[in-house]
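The values are calculated or read from the model by the stated rules, or taken from the named source; none is laboratory data. Given the structure is predicted, the values throughout are model-derived calculations rather than measurements. Glycine gets a Cβ as well: all are built from the backbone with ideal geometry, and neighbour counts include every protein chain shown.
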Amino acid sequence: MIDILHEMLQYEFMRSALAAGLAASVLCGIIGIYVILNRIVFISDGIAHAAFGGIGLGYFLGFDPLGLGIVSALLTALGIGLVSSRSKVSEDTAIGVFMATGMALGILFMSLGPGYARDIFGYLFGNILAVSWRDVQIILLLTLLILVLVVLLYKELLILSFDPLYGEAVGLPVQNLRLLLLVMVAFSVVVMIKIVGIIMVIALLTIPGAIGRQHLKSLPWIMAGSVALGAIFVSAGLVISYLLDVPSGATIILLAAAAFFISTALRR
Amino acid sequence: MKAVSIKEVWVYRNRHPALENICLDLEKGDFLGLIGPNGGGKTTLIQVMLGLLKPSRGDVRILDREPEGARRYIGYLPQKTFFDRSFPVTALEVVLMGRFSKAGLFRRYSLPDREAALRALEAVGLKDRACRQMGSLSGGEQQRVLVARSLVSEPQLLLLDEPTAGVDAAQQTEFYELLSRLNARGMTIVLVSHDISAVSTYVNKIACLNQRLYYHGSRELAAEEIERAYGCPVDVIAHGTPHRVLREHGK
């Protein structure tokens, strides 16, 4: 076993994959529980899908796809937040429209570029082995930024998640805080697209928090537990996919899903 | 300085007036009981006082400020609080939320914030429940935690929208006594309630709201006034002495 791990880590792409995966676990552990508590799972999924528009554009123009993916995820997060609060369009309708538009743009741009099918597959279903060190640096930076924000705004985010109507009545800037949460979700989601792909991002974002919540009672402990679970899923998934030569994204998600079902069964 | 000054306020909902020409002045230290039928606009009026709802016409001043600017001096108990029963939060953490504006953005709750939260829990008789999960408390206990949250900032103006919903009779009396003590220390209180007789024992002013405000400026409210507001005969039950506040009235 040790030999195999040693052999795995000989490869540069494996080391960067593991580094990106562990940083992503920190993100999904901390942001994932807010996504669950604020019931914005569908918004988060919509943001992930809409990011594909930016990724496709970057791919087509030869820019960094991850960078443009972040931009389009951010625009979507703000767009959904503003459309649903300022117009008569309901939030889930807005999400549906943004999500499909982003996907369509992404597919269109990518079909205009080179190597269409293989790369689309990578973004939809994840290709952690294609993570560059530059990607790792971006991921670490985003993780650090989000950690700082959550520490600074811990009590505000708790009021927002628990009772936003009361928050507004006591002068909490609820609207802006909600947009900020969506922005943090956008960052996290784009980072995780690299690892498990657009289609499965939502599972990695929510499963560790959902399991943590079944067994732990206080928010900081749930966050810590979710980070640990995410790290286990990602690293174990990488090892298994390396040994069996199967896709890493799918392996990670199946591990997480299995853990969720077992945890739910144990709770009963 | 008036605690509350509402002048000729109109609120429209879907082109129908929800509040018609409301005028209400409260001095510092007043204790107003606000009664009225369901849908009469009691919650709407509270929302106007908090600046959550902009009136279509009229002027609202709270503690000599715009309502939004006065929020940090207001304690507020919403009519109904919807939250997830399995939300990972303790009673103490919920009460601390009431210290938000005192603590300030980006800041952590300080030791005085925590002490104030424990005192507020003690005042509603739940000090021993401080570290319990909110969802594990009974409905009445949860309501008292939310009352503690509205008190914890030591507000100058306390707005309570149906605070005794789900709280049993013995605790209700205790709760009204607590409000009396706070009022005696100078806190201005607006209490929305269905319970006319209980309210009239403790308040010094009663107003009845059914789109329009039937407001007497004293706590003696004639049965005819209440009937006019409700639009139908109302059975007013007064407590016996020494708490009789409503005049003798025929059936």
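Of all residues in region A:245-268, count the ones that are without any contact (Cβ under 8 Å) to a residue 12 or more places away in the chain and among the aromatic types (F, W, Y). Adding up the residues that qualify gives 1.
Being within 11 Å of chain B (Cβ to nearest Cβ) and within 28 Å of A:D135 (Cα to Cα), is that true of even one residue in region A:163-181? Yes, region A:163-181 has at least one match. Picking from residues in region B:144-171 that are of a type in the set (D, E, K, R) and part of a helix (DSSP H, G or I), the one that is farthest from B:L126 (Cα to Cα) is B:R149. If the condition is being more than 8 Å from chain A (Cβ to nearest Cβ) and not in a loop (DSSP other than H, G, I, E, B), then region B:75-87 contributes B:G75, B:L77. Filtering B:E141, B:E174, B:E115 for residues that are touching a Leu at 6+ places or on another chain (Cβ under 9 Å), surrounded by fewer than 21 Cβ atoms within 10 Å (Cβ to Cβ), of a type outside the set (A, V, I, L, M, F, W, C) and not in a loop (DSSP other than H, G, I, E, B) leaves a single hit, B:E141. Filtered by the rule that a residue be without any contact (Cβ under 8 Å) to a residue 60 or more places away in the chain and under 22 Å from B:T43 (Cα atoms), region B:181-195 gives a lone residue, B:D195. May I ask you to verify whether A:L18 is in a helix (DSSP H, G or I) and within 23 Å of A:I138 (Cα to Cα)? So A:L18 passes the test.
Table: residues versus (1) free of Cβ contacts under 8 Å to residues at least 24 places away in the same chain; (2) surrounded by fewer than 16 Cβ atoms within 10 Å (Cβ to Cβ); (3) more than 16 Å from the chain's Cα centre (by Cα).
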position	(1), (2), (3)
B:I74	no, no, no
B:R85	no, yes, yes
B:G98	no, no, no
B:F106	yes, yes, yes
B:L111	yes, yes, yes
B:E122	yes, yes, yes
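Cβ separations smaller than 8 Å between residues 6+ apart or across chains give the following pairs from region A:105-132 residues that are at pLDDT 75 or above to residues that are of a type in the set (K, R) and part of a helix (DSSP H, G or I): A:G126/A:K194; A:N127/A:K194; A:I128/A:K194; A:A130/A:K194; A:V131/A:K194.
When restricted to residues that are in contact with a helix residue (DSSP H, G or I) (Cβ under 6 Å, 6 or more places away or on another chain) and either among the polar types (S, T, N, Q) or over 30 Å from A:I240 (Cβ atoms) (or both), region A:120-155 contains 2.
When A:D92, A:D135 are screened for being surrounded by 16 or more Cβ atoms within 10 Å (Cβ to Cβ), more than 14 Å from chain B (Cβ to nearest Cβ) and part of a helix (DSSP H, G or I), only A:D135 passes.
Tell me the residue from B:T201, B:T188 that is at pLDDT 90 or above and out of contact with any helix residue (DSSP H, G or I) (no Cβ under 6 Å at 6 or more places or on another chain), please.
B:T188
Looking only at region B:36-74, residues that are within 16 Å of B:M1 (Cα to Cα), more than 9 Å from chain A (Cβ to nearest Cβ) and part of a strand (DSSP E or B) come to 5 in all.
Against the test of being over 25 Å from B:T173 (Cβ atoms) and not hydroxyl-bearing (S, T, Y), the options B:E141, B:E115 yield a single qualifying residue, B:E115. Within region B:88-107, the set of residues being more than 8 Å from every other protein chain (Cβ to nearest Cβ) and not charged (D, E, K, R) comprises B:A91, B:L92, B:V95, B:G104. When restricted to residues that are in contact (Cβ under 8 Å) with a residue 12 or more places away in the chain and among the charged types (D, E, K, R), region A:203-244 contains 1.
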